[in-house]
1. Kindly indicate the residue of the range 180-215 that is surrounded by fewer than 21 Cβ atoms within 10 Å (Cβ to Cβ) and among the hydrophobic types (A, V, I, L, M, F, W, C) and also farthest from I141 (Cα to Cα) among those meeting that condition.
2. Sort out which residues of the range 192-221 are assigned to a strand (DSSP E or B), touching an Asp or Glu at 6+ places or on another chain (Cβ under 7 Å) and free of Cβ contacts under 8 Å to residues at least 60 places away in the same chain, and write them in order of number.
3. Which pairs have Cβ atoms under 6 Å, sit 6 or more apart or on different chains, and link a residue in the range 125-142 that is crowded, with 18+ Cβ neighbours inside 10 Å to one that is acidic (D, E)?
4. Residues that are over 13 Å from A218 (Cα atoms), at pLDDT 90 or above and of a type outside the set (V, I, T): list the strands (runs of 3 or more DSSP E) wholly contained in the range 233-292 that include at least 2 such residues.
5. Would you check if L172 is in contact (Cβ under 8 Å) with a residue 24 or more places away in the chain and farther than 27 Å from A114 by Cβ?
6. Looking at (1) in contact (Cβ under 8 Å) with a residue 60 or more places away in the chain; (2) in contact with a helix residue (DSSP H, G or I) (Cβ under 9 Å, 6 or more places away or on another chain), which one does Y189 not meet, given that it meets all the others?
7. Report, by residue number, each residue of the range 164-198 that is within 16 Å of the chain's Cα centre (by Cα) and at pLDDT below 95.
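The values are calculated or read from the model by the stated rules, or taken from the named source; none is laboratory data. Only a predicted model underlies this, so the values are computations on that prediction, with no experimental measurement involved. When we count neighbours, we look across all protein chains shown, and the Cβ atoms used for this are built from the backbone with ideal geometry, even at glycine.
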Amino acid sequence: MTKNKAEILSNLDFLSTLHGQDESIDIPRKKQLVRTKFQGNIFATTNLRHAYVFAPLATMAGVLLVSNPAEALPMQGTVAQGGAQIVNTSAQRLDILQTSTKAVIDWRSFNIDADEHVNFDQPTTGSITLNRVTGDNASTIAGRLTANGNVWLINQNGVMFTSTAQVDVGGLLATTSDITNNDFMAGNYTFQDTGSQATIVNYGEITAAEGGLVAFVAPGVENHGVITAQLGKVAMAGANNYTVDLYGDGLIQIAAGSTLTQAGLNASGEELDHIILNSGQIIADGGSIQLT
């Protein structure tokens, strides 16, 4: 549930505000991009980076989305590493019963319609399920996604969380980059460029457990909805090559010398004029927010 402005302010001990300080970078052979645009609300009590508070909300399309709505629920899942069972509980619900701390599942598609529910039942709150989409379509999350642990979603075609999406998980990572199964299982969370120009876009409600994380990493990242991670971490990063640091101060560590060589694309296939755009709310009371 989205809190109103007064309710949020009453619970905050500290607010930091940055006005009109957009950062710009040059992409080789491409037009100049605004690194970060702030049009929404960002709230945190510690480690707040790049905040712009109480500006009017705006809407802006920014994802190359070619998902097939006829393909309901994630389809054709294969457990590639670890232990997990995929159960079609009903026509509108899919349960993933994970038995190992980490598991890798390759899916042909990963979509959730507005009346559908995908649930991950994991051994502990620190468990991670790596979900990799191997098909040609973007992922559209329009319904419920729940997990007691962490759900990582890789789709080089992009990911869209629509306005009806309700995500309630221990933690969430959505990215267009990829990672080898061996690196993931070994705890070496180093992601590599797939050559993708697709983007990660949120219009829904995404909530991580207390102390959890929400991270979107792609050539273009946009938040127009509500992201909440009390005492946790929220990261929106424009990168192709990076490392996820779950325990250090820097959640997303972009590889040294790594430069975006292609801008993200919008729904019309046109290059975006920004890498990160926030017109929604990001709430991390007692936590940290990283926009990079």
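1. Result: A186.
2. Q192, T207
3. R132/D106; A142/D113
4. Working: elements: 233-238, 242-244, 252-254, 274-278, 281-284, 288-291.
Answer list for the range 233-292: 281-284, 288-291.
5. Working: in contact (Cβ under 8 Å) with a residue 24 or more places away in the chain: yes; farther than 27 Å from A114 by Cβ: no.
No.
6. Checking Y189 against (1) in contact (Cβ under 8 Å) with a residue 60 or more places away in the chain; (2) in contact with a helix residue (DSSP H, G or I) (Cβ under 9 Å, 6 or more places away or on another chain), the one that fails is (1).
7. Matches in the range 164-198: S196, Q197, A198.
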